[in-house]
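First comes the structure, then the notes that go with it.
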Amino acid sequence: MTGPFQVVAHRGNSSVAPQNTLAAFEAAWRAGADSIELDVQLTADGEVVVIHDDSLDATTDGSGRLDALPLADVRAVDAGSWFAPAYAGQRVPTFAEVVDFLVTHPGIDLLLEVKGDWGPDDVRKVTEPVLRAGLTDRVIGQSFWPSTVASLQKVAPDLRRGLLVAETSEDLLAVCAELGVMTCNPAGTVLLAQPGLVAELHDAGLEVMVWTLNEPEQWALALEIGVDAVITDRPDRLRGWLAGR
Ligand code: G3P
Ligand code: CA
């Protein structure tokens, strides 16, 4: 491990509030998470919104692809009722709201996942607000798309960045070096298949943030192999489990 162990709230505290909403981010902050992980997508008119899927269907009362809907239509849907009636009225957040949230909630950082292949002009839509708000030290940008990580490297070289990894790959260390990432963030299944990977990544100077682990047995294994962070839907329970050890 290269620093203190971190609890990262996956899509906010998504086991108690609707994922990727301000309510879930507030719940993550109250749970004592070190960071919030969230996902961003672009609307048809090029605005950045916070949602995991490329359509509204699964997590709102609306439907349709994000890239076919303008921001006004995305903002009109309800992103909370599907989870529980108490969350009626939650909206699909804009990235500007996330920046405001960070400014007003010191003590919690952001693991920002950019979904899809974004060029430099689109990536600037998230990096510039972060830099302008003085949040450079509190944000890590990450993506499964190496091209998007390369855009992050180009437009905001001082912002920490990470590569998300869903499958084992022989050239992973070379790809990480090429992209100049500070974190390599594999699925738990990748670490199970390659038990020596954490040590290899640490030797290369990288931190390791593993996703998405929700059970105590998984947390115990992750700590044992020395990961730097666990991304979880249950940050409150992980925080309590850590305190009880
Ligand atoms: O941050 C890691 C994790 O969120 C990646 O998977 O599908 O939940 O975005 P997904
Ligand atoms: Ca994600």
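Read the figures in this text as sums done on the coordinates, not as results from a lab. Remember, predicted model here, so these are calculated numbers, not experimental data. So basically every Cβ, Gly included, is an ideal-geometry build from the backbone, and we count neighbours across all protein chains shown.
Quick notes on this one:
- Relative contact order of the stretch 139-245, taken over Cα pairs closer than 8 Å and 6 or more residues apart, is 19 percent.
- Ascending count of other beta-carbon atoms within 10 Å, so fewest first, for VAL49, VAL103, VAL114, VAL130: VAL103, VAL130, VAL49, VAL114
- Of the residues THR59, GLN6, VAL103, the one whose Cα sits farthest toward the positive end of the charge dipole of the chain, with +1 on the Cβ of Lys and Arg and -1 on the Cβ of Asp and Glu, is VAL103.
- Using C-alpha pairs under 8 Å with a sequence gap of at least 6, the mean separation divided by the residue count of the stretch 1-134 gives a relative contact order of 24 percent.
- Amide proton proximity set for GLU207, modelled H, under 5 Å, gap of 5+: THR183, CYS184
- Taking one quarter of the surface of the convex hull spanned by the alpha-carbon atoms of the stretch 186-240 gives a direction-averaged projected area of 3.4 nm².
- Point-charge dipole on Cβ atoms (K/R +1, D/E -1) for the chain, about Cα centre, debye to 20: 620
- Put a plus charge on the Cβ of each Lys and Arg, a minus charge on the Cβ of each Asp and Glu, and nothing anywhere else: the dipole of the stretch 97-154 about its Cα centre is then about 120 debye.
- Among GLN90, GLN41, GLN194: highest mean-square fluctuation, GNM of the chain, C-alpha pairs under 10 Å: GLN194
- Over the stretch 21-172: Kirkwood hydrodynamic radius from C-alpha pairwise inverse distances, Å: 16.0
- Computed log₁₀ I(q)/I(0) - Debye formula, equal Cα scatterers, no solvent, the stretch 107-161, q 0.17, 0.21, 0.25 Å⁻¹: -0.44, -0.67, -0.94
- Long-range amide H partners of VAL165 with built H, under 5 Å: ASN185, ALA187
- Under the Karplus curve 6.51 cos²θ - 1.76 cosθ + 1.60, θ = phi - 60°, whole-Hz ³J(HN,Hα) for the stretch 8-25, x wherever Gly or Pro sits: 10, 7, 6, 6, x, 7, 7, 8, 10, 8, x, 3, 6, 10, 4, 5, 5, 6
- All C-alpha pair distances within the stretch 1-43, sorted into 10 Å bins from zero, spread as 33, 45, 19, 3 percent across the bins.
- Put in line by how crowded their Cβ is, counting other Cβ atoms within 10 Å and starting with the fewest, CYS184, CYS176 read CYS176, CYS184.
- Mean sequence separation of contacting Cα pairs (under 8 Å, at least six apart), scaled by the length of the chain, corresponds to a relative contact order of 20 percent.
- Basic side chains Lys and Arg get +1 at the Cβ, acidic Asp and Glu get -1 at the Cβ, and with that the dipole of the stretch 45-130 about its Cα centre reaches some 200 debye.
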